[in-house]
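Worksheet: one structure, shown below.
The values are calculated or read from the model by the stated rules, or taken from the named source; none is laboratory data. Since this is a predicted model, take the numbers as computed values, not measurements. Heads up, the Cβs are rebuilt from the backbone with ideal geometry, glycines too, and the neighbour counts pull from every protein chain shown.
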Amino acid sequence: MDIANMEHGMVLGTGDLSELALGWATYNGDQMSMYGLNASLPKTLIQVLLRWMAQVCQDDAIREILLDVVATPISPELLPSSEEGGIAQHTEKLVGPYELHDFFLYHFIQNGYSPAKILFAAEKAFDGRYDRATILRWMRVFFQRFFSQQFKRSAMPDGPKVGIISLSPRGDWRMPSDATASLWL
């Protein structure tokens, strides 16, 4: 931020709505910027948009880059590469599938569903892809992280509201940082 200030610029944050919901960011590290461009875009939507951009892009080099980004496993890349040169830290292996978390987030915030109702809806929506135990496991992770990581959202930078859900403490979402998931689970 010092350099941005010296150059009369700004630090743009790349964190998205899914990461904000889970608190999947280092406090005052990648969690902090001067403007959060993706603050109201869930990770699953960003992936769909990148695929669409690749389909309509007329520049082959840019198309390849976009498809490479979508094909790369999601990772904060905080660990050195594996011995084979690949990504050593796969986010979804640690926190669970983003398609589930974005589903939980949408129905919790937008529809006000209880965990029981979200579980019921998820079993129907993901029938054949995830069994009940898997959905329940990642739903517990979602709610525990959602509540325990509110302190990071309380200090988040400004960002646009593009979709119907925002976790900005200055607009749509006000929640005490010491709230607990125990009442929900």
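Listing for the model above:
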item: Neighbours by Cβ (under 8 Å, 6+ apart or cross-chain): first from the range 31-45, over 22 Å from D2 (Cα atoms) and free of Cβ contacts under 8 Å to residues at least 60 places away in the same chain; second in a strand (DSSP E or B) and charged (D, E, K, R); result: K43/D16
item: Scan of the range 7-27 for residues that are within 26 Å of R140 (Cα to Cα) and either assigned to a helix (DSSP H, G or I) or not β-branched (V, I, T) (or both), ordered by number; result: G15, D16, L17, S18, E19, L20, A21, L22, G23, W24, A25, Y27
item: Test: G171 is in a loop (DSSP other than H, G, I, E, B) and either over 22 Å from G13 (Cβ atoms) or without any contact (Cβ under 8 Å) to a residue 40 or more places away in the chain (or both); result: yes
item: Scan of the range 144-162 for residues that are of a type in the set (G, A, S), assigned to a loop (DSSP other than H, G, I, E, B) and either surrounded by 14 or more Cβ atoms within 10 Å (Cβ to Cβ) or in contact with a His (Cβ under 6 Å, 6 or more places away or on another chain) (or both), ordered by number; result: G159
item: Flag if G9 is surrounded by fewer than 22 Cβ atoms within 10 Å (Cβ to Cβ) and touching a Lys or Arg at 6+ places or on another chain (Cβ under 8 Å); result: no
item: Test for L94: is it under 27 Å from F108 (Cβ atoms), outside any strand (DSSP E or B), of a type outside the set (G, A, S) and at pLDDT 90 or above; result: no
item: Residues located in the range 42-58, provided they are surrounded by 12 or more Cβ atoms within 10 Å (Cβ to Cβ), polar (S, T, N, Q) and over 23 Å from S148 (Cα atoms); result: Q47
item: One residue from A39, A61, A71, A25 being of a type in the set (A, V, I, L, M), loosely packed, with under 14 Cβ neighbours inside 10 Å and at pLDDT below 90; result: A71
item: Counted residues, the range 124-133 - those being surrounded by fewer than 18 Cβ atoms within 10 Å (Cβ to Cβ) and either part of a loop (DSSP other than H, G, I, E, B) or in contact (Cβ under 8 Å) with a residue 24 or more places away in the chain (or both); result: 5
item: One residue from R153, R145, R132, R137 being farther than 22 Å from Y35 by Cβ, within 16 Å of the chain's Cα centre (by Cα) and of a type in the set (D, E, K, R); result: R145
